[in-house]
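The values are calculated or read from the model by the stated rules, or taken from the named source; none is laboratory data. Everything numeric in this text was worked out from a predicted model, so none of it was measured. Ideal geometry is used to build each Cβ from the backbone, glycine not excepted, and the neighbour counts take in all protein chains shown. Heads up: the accessible areas ignore ligands, DNA and RNA and are worked out on the full protein's heavy atoms, side chains in. Shrake-Rupley method; radii C 1.70, N 1.55, O 1.52, S 1.80 Å.
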Amino acid sequence: RLYVLAPMQTDAVEARQAYNRAEALGVGPLAFPDHLNRPQIVTRIGENKIQTAVFDNWAEPLQGNFQRVLAENLALLRSTLKDIHRIELEVLRFDAEMQGEAVLTVRWELIDARGRQLLPKRRAVYRQRVADANYDAIVAAMSLALADFSRDLAAEIATLP
């Protein structure tokens, strides 16, 4: 079984316009933990133990899927682009417990076109309850955590002069 993160839901017209805006967003570089960037979906069992799924895999590398969905979400949330900013990210944690919650821990900063830092580096944690003990629910919760981060990031971008 193959899975991908899902962008925020919207209608077809908004999605088409957002796709065009996403091309102009500089999302990256993105640092991603090696233990997560593998074909198998990783779940957490306790604080120091993880396990990989046997039959449930990512349809594409998770790092690239995360980056693409984040760009799509930001494009949906921003009606106009003021300037092109680069978003540098470091994902510290992005996994879920089978009967718990999905957790995204990320550090990020906004850089302007001249390479200047626009805001101090931020760190945030997003949690979404996993609705059921299966991989469909895990991936859905991970997508929601990424959507929450996207909303907060878009709000920060909106405050820039």
Problem - Selection within the range 118-161 - closer than 15 Å to Trp108 by Cβ and touching a Ser or Thr at 6+ places or on another chain (Cβ under 9 Å) - result: Leu119, Arg123, Ala124, Val125, Tyr126
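Provide a single number: the residues in the range 148-161 that are among the hydrophobic types (A, V, I, L, M, F, W, C), open to solvent by less than 50 Å² (accessible area, probe 1.4 Å) and either modelled with pLDDT under 95 or touching a Cys at 6+ places or on another chain (Cβ under 9 Å) (or both). Explain how you work it out, then say what you get.
Within the range 148-161, the subset among the hydrophobic types (A, V, I, L, M, F, W, C) is 149, 153-155, 157-158, 160.
Filter again for open to solvent by less than 50 Å² (accessible area, probe 1.4 Å), leaving 149, 153-154, 157, 160.
Pick out the ones that are also either modelled with pLDDT under 95 or touching a Cys at 6+ places or on another chain (Cβ under 9 Å) (or both) and you get 153-154, 157, 160.
So the answer is 4.
Please specify each residue of the range 119-143 satisfying the condition of being assigned to a helix (DSSP H, G or I) and more than 16 Å from the chain's Cα centre (by Cα). Give the derivation first.
Residues of the range 119-143 that are assigned to a helix (DSSP H, G or I), as a first pass: 135-143.
Selection gives Tyr135, Asp136, Ala137.
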Completion exercise
Conditions (1) over 14 Å from Met8 (Cα atoms); (2) aliphatic (A, V, I, L, M); (3) open to solvent by less than 60 Å² (accessible area, probe 1.4 Å) -> Ala141 fails only (1)
Completion exercise
Output for Cβ contacts, cut-off 6 Å, separation at least six or different chains, first residue closer than 22 Å to Gln40 by Cβ and among the basic types (Lys, Arg) in the range 89-114, second open to solvent by 60 Å² or more (accessible area, probe 1.4 Å) and at pLDDT 95 or above, reads none
Exercise for the section: Please work out if Arg16 is at pLDDT below 90, basic (Lys, Arg) and surrounded by fewer than 17 Cβ atoms within 10 Å (Cβ to Cβ). Expected result: yes
